[in-house]
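Below you'll find the structure, written out as structure tokens, and then a few comments.
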Amino acid sequence: MNTLRKRYLFALLAVVLPLIAGCTRHSKSEQYYLVATNTALPYWKVAASGFAAAGAEYGVSVDTRGPAGLNAQAEVDEFKAMVARKPAGILVQVVNSQLMQPEIDAAIAAGIPVITIDSDSPESKRLYFIGTNNFEAGKLGGRRAAAQLNGKGNVVFFTNPGQPNLDERLKGYQDILEDYHGIKIVEVFDIKTDAGTAMDKAGEYLERKGPARIDAFICLDSRSGANVAEAFKRRNATDRLLIAMDVDSDTLKLVGDGTIDSTISQKPYTMAFLGLKALDDIHHYPVKPLDQDYALDPYSPFPTFVNTGVALVDKTNLDAVMKKQRSVNQ
């Protein structure tokens, strides 16, 4: 009888001990950071909620840091300050790779795992990138623009030149539109990190007549779309094409009333959610040496790129997107 009881006891321990170990694997003492710019924007608030959700699931400490506006140097300063705290890992959006690369490399050299999200720094030693295939996002928008313009018209873009993800989107649009000889890219307007300038410039574009008329306005960042839409409304411009980026509530309402034709949806929640889990895995199962070129390693434990996907949102699927947002925000 004692032998049978011992067998039951060992069997029970075999089941319970792994569960206990799984529960105690994580700790609030593990600190992870998400560093970005424009953290006041809805886009980054959604990303922060994904980061927090994964942190709550794992029982670790998380914090989203960075300037409220688009300030590359302030982001670098924040990143350096977080590295000094020796956290378990850092997710970072790279606005200026030239500035951020040496800081990422220094963090990796110090043994702190770094993964980029939303906008990449492939020349750095970051472990990998989680986010949108921005070139494909641009091609998706380019196909929409070409179809809505019936293959002809003058086009302008609103962007922040030098920001890696926006530059890739522009390349995607250009790749598609160059096949349409009736479509001309007239100008790529530098909003100089201030989406509000897009409204004034859009007003100027709307005044152009005849051969100089601008037929399509394309916004590569998340906030210019609403500002250009305001210029449309003030001038009652209903015969021009406006394509935006991202799915904040203002943009979706403008798709709904027809001012914005369509917008390209990304998954910032997913980027940050997966990013926290990836960093946690690296923290608990360290890869050594961390400081090496895994991009060239056919036996690398890391991917180079995790594509979280994009979708085009217009009136045909708008209700489904807005319904999901309402359910999350309730």
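The values are calculated or read from the model by the stated rules, or taken from the named source; none is laboratory data. Just so we're clear, the structure is a prediction, and the values are computed from it rather than from any experiment. We place every Cβ from the backbone using ideal geometry, glycine too, and count neighbours over all the protein chains shown. Areas reflect the complete protein model, heavy atoms only, side chains present, ligands, DNA and RNA absent. Shrake-Rupley method; radii C 1.70, N 1.55, O 1.52, S 1.80 Å.
Among residues other than residue 81 with Cβ under 13 Å from its Cβ, the summed charge is -1 (Lys and Arg +1, Asp and Glu -1).
Mean sequence separation of contacting Cα pairs (under 8 Å, at least six apart), scaled by the length of region 190-312, corresponds to a relative contact order of 19 percent. Adding -39500 (n - 2.57) for every DSSP H run of four residues or longer, then dividing by how many residues the chain holds, sets the calculated 222 nm ellipticity at -15000 deg cm²/dmol. Our coupling estimate for region 68-77, obtained by passing each phi through the Karplus curve with A = 6.51, B = -1.76, C = 1.60 and θ = phi - 60°, is 5, x, 8, 9, 4, 5, 5, 5, 4, 4 Hz, Gly and Pro reported as x.
Bridging of residue 288 to lysines at a Cα separation below 27 Å is possible for 28, 80, 86, 125, 277, once same-chain residues fewer than 8 apart are set aside. For residue 239 and residue 98, a Förster radius of 45 Å and the Cβ-Cβ distance give a FRET efficiency of 0.60, rounded to the nearest 0.05. Given a 10 angstrom Cα cut-off, can you work out which residue in 144, 213, 234 is the most mobile in a GNM of the chain? Top of the fluctuation ranking is 234. Among 36, 311, 226, the largest mean-square fluctuation in a Gaussian network model of the chain (Cα springs under 10 Å) belongs to 311. Solvent exposure of the chain amounts to 48 Å² per residue of accessible area, where only protein heavy atoms count and the probe is 1.4 Å. This model, with +1 at the C-beta of Lys and Arg and -1 at the C-beta of Asp and Glu, gives the chain a dipole about its Cα centre of some 1160 debye.
Using a cutoff of 8 angstrom between alpha carbon atoms and counting only pairs six or more residues apart, the relative contact order for region 247-330 works out to 45 percent.
Summing charges over neighbours of residue 315, with a neighbour being any other residue whose Cβ is under 15 Å away from its Cβ, gives -1 when K and R count +1 and D and E count -1.
Phi angles across region 245-257 convert, under the Karplus curve 6.51 cos²θ - 1.76 cosθ + 1.60 with θ = phi - 60°, into 3J(HN,Hα) values of 9, 6, 10, 5, 4, 4, 5, 5, 4, 6, 5, x, 8 Hz, Gly and Pro given as x. Residues whose amide H comes within less than 5 Å of that of residue 130, counting only those at least five positions distant or on another chain, are 116, 117, 118, 306 (H built at 1.01 Å from N in the peptide plane).
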